[in-house]
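To keep things clear, I will list the structure first and then write my remarks on it.
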Amino acid sequence: MSSKVLTITLNPALDKTVTIEEFVSGGLNRIKAWRTDAGGKGINVAKALKHFVVDVASWGLTAGHQGKIVTEQLTGLGIPGFFIETEGETRTNLKVYVECTQETTELNEAGFTVSRKALHEFIERYTDAVRNASIVVLGGSLPPGVPDDTYNTLIEIANRAGARTVLDADGEPFRHGIEAVPYAIKPNIHELEALFNETFQTDAEIVSAARRLTGKGIAYVSVSLGAEGSILVSETEAVRAKPFPIVPLSTVGAGDSMVAALVYCLLEGKPLVEMARWTSAAGTVTASKPGTEVCTLAEVEEKVSKVTIWPL
C-alpha cells in the first residue's frame, strides 16, 4: 500500500466530547450532548486531508477493543490505515465543552504501553512505506514505552527516503524531532516558548525564535496563536494571519486542520502568503465545529479570502 501522504499516530485515542451548559466544580454536571470520534493528531490530519481529496493513509500503533473502534472508524471514512496492535487498551480522551464560556477542557489519558517488538515492527514497515510517500506527518504524544527520540528516528528515515516531513508535537519528542530537521513544524505559542524556555511578547520575538529554527534547515515554522491567528515563517519571509470571527464549539483538531492545510499547500505548490491564509482558515473553520469534526475543502475555499494577512 502506498499513499502520497502518510500520517503517523503512535498514541491514538477515542475522543469523547461532551457538551454542558455550565461547569459546576464539585457538583453535578448534566451532559446535553456527546459524540465519540477516532482521534490523535495524525488521525485528525488524515481526516482533513481526506476532505481535501488528498491521497492519504493513516499509520500508527493501537491496542484493545477501543483500538479496533478507531480503525473501524477510519475504514468507514475511507481512509486506508496500517496499525500495529500491541497489548493494553487504546486511550479515551475526554473533551468537555462548556457553552456559557465557549471553552473546551481536555482530559487525556497516557495511553497503552508499547513493547519493543511492536515498535521495531512498526519502524520496519514504515521504512518500506515511506519510500513511496511525498510527505509524512508526525504528530501527537508518544505512549509509554516509546522513546522520546522516536520522531527523530522517523524523520531521519523519511529524509533519507526523500520524503518531506511535518512535525506537530511538544516537549521532549518535539525537541528531539527538531534535531533531525523536519521540513516543516507547527508549534503553538506555548510549545515554542517551552522549546526555548522563553516568553515571547511580540510578533517580532516570535519571528526571531522561528528564524532560529529555519536557520537549522527547517523550511517552514507555523506558530498557532489560538483565536489571535498564526504566524508563518520561512528563511526569507514572515507573515501574520488573523482569522475571521466565529463561535468556537471545539478547539480540538483546529491545529491538526492547520497541519492538513499546510500539507495541501505544499502539494499544490502554493506560496507562503497563500499557505498562511489556508492554514488559518482551516483551523478557524474546524474550531467552529463540534467534537473533533474537521473542515472540508469547500468550507476552507469559501472562507480563505476572509483571512487578513500582513507581512512581518
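Pairs from the list 41/306; 117/216; 4/289; 47/216 with a Cα-Cα gap above 29 Å: 117/216; 47/216.
By the helix-only formula, in which each DSSP H run with n ≥ 4 contributes -39500 (n - 2.57) and the sum is divided by residues, the chain has a 222 nm mean residue ellipticity of -11500 deg cm²/dmol.
Over the chain, what is the percentage of antiparallel beta bridges among all DSSP beta bridges, to the nearest 5?
Of all bridge pairs located within the chain, approximately 45 percent are antiparallel.
How large is the dipole of segment 191-277 about the Cα centre if only Lys and Arg carry +1 and Asp and Glu carry -1, each at its Cβ, rounded to the nearest 20 debye?
Working: 7 positive and 11 negative charges, 31 e Å.
Dipole magnitude for segment 191-277 comes out near 160 debye.
Note: relative contact order over the chain, using C-alpha pairs below 8 Å and six or more positions apart, is 17 percent. For residue 188, the residues 5 or more places off, or on other chains, whose built amide H falls under 5 Å of its own are 224. Residues 149, 256, ranked from the fewest to the most other C-beta atoms within 10 Å, line up as 149, 256.
In this simple spin-label model, placing a label point 7 Å from the Cα along the Cα-to-Cβ direction at both residue 216 and residue 134 gives a separation of 2.6 nm.
Each Lys and Arg Cβ is given +1 and each Asp and Glu Cβ -1; about its Cα centre, the chain then shows a dipole of about 540 debye.
A simple packing score, the average count of other Cβ atoms within 10 Å per residue, orders the peptides 192-201, 51-60, 64-73 as 51-60, 64-73, 192-201, with the highest score first. The relative contact order of segment 43-90 comes to 44 percent, based on Cα pairs under 8 Å that sit 6 or more residues apart. A Förster radius of 45 Å, combined with the Cβ-Cβ distance separating residue 53 from residue 99, puts the computed FRET efficiency at roughly 0.85. Across the options 97, 126, 137, the greatest Cα extent toward the positive end of the charge dipole of segment 95-152 (unit charges at beta carbon of Lys, Arg, Asp, Glu) belongs to 126.
Determine which residues of segment 20-59 fall in the zone a paramagnetic label at residue 75 would reach in this model, i.e. backbone nitrogen under 20 Å from the point 7 Å along Cα→Cβ. Taking a point 7 Å out along Cα→Cβ of residue 75, the residues of segment 20-59 whose backbone N falls under 20 Å are 36-40, 43-44, 46-47, 50, 56-59.
Extension gain, residue 302 to residue 30: 0.36 nm times the residue separation minus the Cα-Cα distance gives 94.3 nm.
What you get for segment 40-140, charging only the Cβ of Lys and Arg (+1) and of Asp and Glu (-1), is a dipole of about 240 debye around the Cα centre.
Only the coordinates and a few stated rules stand behind these numbers; no lab work does. Here the structure is a predicted model, which means the values were calculated and not measured. Positions of Cβ are backbone-derived with ideal geometry, glycine not excepted, and every protein chain shown enters the neighbour counts.
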